[in-house]
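A quick write-up on the structure given underneath.
The values are calculated or read from the model by the stated rules, or taken from the named source; none is laboratory data. Predicted model only: the values in this text are computed from it and were never measured. Quick reminder, even Gly has a Cβ in these numbers, built from the backbone with ideal geometry, and neighbours come from all protein chains shown.
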């Protein structure tokens, strides 16, 4: 389960305005949490429920700034800041969070501008999802949002050995599509995701920026600052 970091305008997350276009993007690959679907609230409550199920009653206010996608870091912070050891295994925590997610998947809301691009992209070529979230969660939520039929490929946390900012999810998505990574355009909403796409040799649109645009003719334009 992931926690979205706010935009702070670092060079890592910024694409040049009117960069030289690649002639054509054969596919578009979308992050899930916060990019396609607004999942902040459900991620928070899923982890809250998962920890509570294993005897850790973490305040929601604390969880709002906790690294929900990095269970090792979450354990360390719980020990250091709350004085509570999280003894459940990663698999037990993920399973409990998944159960909450699937039950409450209708609370996740599609991100309209990005979903509109995904629908247009699916009409002209393949589209995929590259997510650090659990695969059952991603697929169940896409189905509930009426988006599952758009995506030929869904890569989730269990499909890779390294999560973002490592490029593994994007590399595997491109491979499953039968394409070179340089032929794909990525959509992301975190510094880690942008770094992962770039490490995979993909152009990337950071949807945190106010005026991003995908013109479907090879141009990426981003006007203004976050």
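Taking region 190-205 as the range and being crowded, with 23+ Cβ neighbours inside 10 Å and either closer than 16 Å to residue 128 by Cβ or in contact with a strand residue (DSSP E or B) (Cβ under 6 Å, 6 or more places away or on another chain) (or both) as the test, the residues that pass are 193, 194, 196, 197, 200, 202, 204, 205. Looking across region 144-153, the residues that are within 15 Å of residue 102 (Cβ to Cβ) and either modelled with pLDDT of 95 or more or not in a helix (DSSP H, G or I) (or both) come down to 145, 148.
Filter region 34-49 for residues that are part of a helix (DSSP H, G or I) and either under 24 Å from residue 148 (Cβ atoms) or under 17 Å from the mean Cα position of the chain (by Cα) (or both) and give the result.
Passing the criteria: 40, 41, 42, 43, 44, 45, 46, 47.
Looking only at region 79-127, residues that are touching a helix residue (DSSP H, G or I) at 6+ places or on another chain (Cβ under 6 Å), within 24 Å of residue 60 (Cβ to Cβ) and assigned to a helix (DSSP H, G or I) come to 11 in all. Apart from one condition, residue 41 fits all of (1) surrounded by fewer than 17 Cβ atoms within 10 Å (Cβ to Cβ); (2) at pLDDT 95 or above; the exception is (2). Condition check: farther than 21 Å from residue 190 by Cβ, surrounded by fewer than 14 Cβ atoms within 10 Å (Cβ to Cβ) and either within 19 Å of the chain's Cα centre (by Cα) or assigned by TED's automatic domain parsing to the domain that holds residue 59 (or both). Does residue 72 satisfy that? It is false that residue 72 is farther than 21 Å from residue 190 by Cβ, surrounded by fewer than 14 Cβ atoms within 10 Å (Cβ to Cβ) and either within 19 Å of the chain's Cα centre (by Cα) or assigned by TED's automatic domain parsing to the domain that holds residue 59 (or both). Filtering region 128-143 to residues that are part of a helix (DSSP H, G or I) and in contact with a helix residue (DSSP H, G or I) (Cβ under 6 Å, 6 or more places away or on another chain) leaves 135, 136, 137, 140, 141, 142. Looking at 131, 182, just one residue is farther than 24 Å from residue 101 by Cα, touching a strand residue (DSSP E or B) at 6+ places or on another chain (Cβ under 9 Å) and touching a residue at least 40 places away in the same chain (Cβ under 8 Å), and that residue is 182. Looking only at residues of region 204-226 that are more than 16 Å from the chain's Cα centre (by Cα) and not in a loop (DSSP other than H, G, I, E, B), we find that the one that is modelled with the highest pLDDT is 212.
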